[in-house]
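K.L.:
Quick one: structure below, then a few questions.
A short reminder: the numbers here are calculations on the coordinates, not readings from a lab. A quick note: this is a predicted structure, and the numbers were derived from the prediction, not measured. Don't worry about glycine lacking a Cβ; one is built from the backbone with ideal geometry, like all the others, and counts go over all protein chains shown.
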Amino acid sequence: MNRSKIRRSTWIALLLLAYVTAMAVYFLPRNQSMSSTDKYISAGASYLIVLGVWLSLRLKEKYRRKHP
């Protein structure tokens, strides 16, 4: 059985995604000072940041493979 190694960019992004989701599920419903729209914008911005981190780490990995 050939098991491929999970890329660093993937597992870091998955950990951040799990963390952001857990924090959104736990804290956003309890925050009464924000409107619903603000809560959705905060969660969406967090997911966009995680996406940006994943993309930048992927580019860094590709660069390192081409230029050892």
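K.L.:
For TRP54, TRP11, what ranking results if the residue with the fewest other Cβ atoms within 10 Å of its Cβ goes first?
P.N.:
Details: TRP54 18, TRP11 11.
So the residues, fewest neighbours to most, are TRP11, TRP54.
K.L.:
If you don't mind, there's one more thing I want to ask. May I ask you to give the average projected area over all directions of the convex hull of the Cα atoms of region 9-66, in nm² rounded to one decimal?
P.N.:
Computing the convex hull of the Cα atoms and averaging its projections yields 3.8 nm².
K.L.:
Angle between the Cα long axis of helix 36-66 and the longest principal axis of the chain, 0 to 90 degrees, nearest 10?
P.N.:
That helix lies at roughly 10 degrees to the long axis.
K.L.:
Please identify every one of the trypsin sites (Lys or Arg not before Pro) in the chain that sits in a loop by DSSP and has no more than 14 other beta carbons within 10 Å of its own beta carbon.
P.N.:
Numbers: sites: ARG3, LYS5, ARG7, ARG8, ARG30, LYS39, ARG58, LYS60, LYS62, ARG64, ARG65, LYS66; in loops: ARG3, LYS5, ARG7, ARG30.
Answer in residue order: ARG3, LYS5, ARG7, ARG30.
K.L.:
Quick check: the angle from helix 8-27's long axis to the longest principal axis of the chain, C-alpha only, nearest 10 degrees?
P.N.:
10
K.L.:
Next question, about the same structure. LEU57 to SER36: extension gain in nm, 0.36 nm per residue of separation minus the Cα-Cα distance?
P.N.:
Numbers: separation 21, 0.36 × 21 = 7.56 nm, distance 3.20 nm.
Value of the extension gain: 4.4 nm.
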